[in-house]
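Q: This is the structure, below, for whatever I ask next.
The values are calculated or read from the model by the stated rules, or taken from the named source; none is laboratory data. Computed from a prediction, not measured in an experiment: that's the story for all the values here. Cβ atoms come from the backbone with ideal geometry, glycine included; neighbour counts cover every protein chain shown.
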Amino acid sequence: MHAHLGPLERTGIRWVIGDPGRKGGAHLELCPDGLRVFVAGEEQERVAWWRFMGLSMEVTTRRWSSSRTAGTLNAVFGDAESGVNSNGSCLTGMLRTPYEPWVGRFSHHARRYSWSEIMMAEALLRRLLAAKSLQRLGDAEWLDRVVARLTPERPRTPKQAGAVVASALGTETGIEIPEDRPNTRLSVFPDVSAPS
């Protein structure tokens, strides 16, 4: 099975964010216990799901405009709101225990991502974080079903993407999904403590 939703892609037994086949590239592996960061094929870091207080995605539709260079040019020439920042394609978040900002960079695939896919992938992260269910990203079979429900959809706005994702999550999880807040970053701080 080969499935994807923007930068989110099924490879083997796991889902990843980014292109794991890109030579010298970076990707984020979604595991049951947390997120694993790989650079040039070497694991660099592991972050447990419970540590995330906030999480957002920085990515554009094309590889060249999602690079660190493009992010730097966006910042220098005043277009930082319409593209990536100087980290390039990445997840950014706030971690707890200890409290610290976090960046997980990933390599853009050669394929183009549609804005619909990007908005739905972002909404998926936001909704799972708000529902205190980020660990669901590490359940490959569950994510297969959710992505299968999302891929035929083509929302045109972040609000529509949030509604489509909420519907898919409600169907697959049965959990109540809090109201989406598409224009906020790092603003969801669930009351979750470290597992005992």
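Q: For the list (1) in contact with a helix residue (DSSP H, G or I) (Cβ under 9 Å, 6 or more places away or on another chain); (2) surrounded by fewer than 16 Cβ atoms within 10 Å (Cβ to Cβ), I need the number of the one condition that Trp50 fails.
A: Tallying (1) in contact with a helix residue (DSSP H, G or I) (Cβ under 9 Å, 6 or more places away or on another chain); (2) surrounded by fewer than 16 Cβ atoms within 10 Å (Cβ to Cβ), Trp50 fails exactly one: (2).
Q: Next up: I'd like to verify a number: residues in the range 125-177 that are of a type in the set (Lys, Arg) and closer than 20 Å to Gly93 by Cα, how many?
A: 4
Q: How many of the residues in the range 87-101 are buried (at least 18 other Cβ atoms within 10 Å of the Cβ) and either small (Gly, Ala, Ser) or modelled with pLDDT of 95 or more (or both)?
A: Of the residues in the range 87-101, 4 are buried (at least 18 other Cβ atoms within 10 Å of the Cβ) and either small (Gly, Ala, Ser) or modelled with pLDDT of 95 or more (or both).
Q: Let me ask another. Out of all the residues in the range 18-57, which are among the charged types (D, E, K, R), free of Cβ contacts under 8 Å to residues at least 40 places away in the same chain and under 13 Å from Leu8 (Cα atoms)?
A: Correct list: Glu29 only.
Q: Could you please give the count of residues in the range 116-146 that are within 11 Å of Gly162 (Cα to Cα) and charged (D, E, K, R)?
A: Final tally of qualifying residues: 3.
Q: Additional query: So, Ala121, is that one in a helix (DSSP H, G or I) and modelled with pLDDT of 95 or more or not?
A: Taking the combined requirement at face value, the residue satisfies it.
Q: Within the range 55-72, can one find any residue that is surrounded by fewer than 19 Cβ atoms within 10 Å (Cβ to Cβ), hydrophobic (A, V, I, L, M, F, W, C) and at pLDDT 85 or above?
A: no
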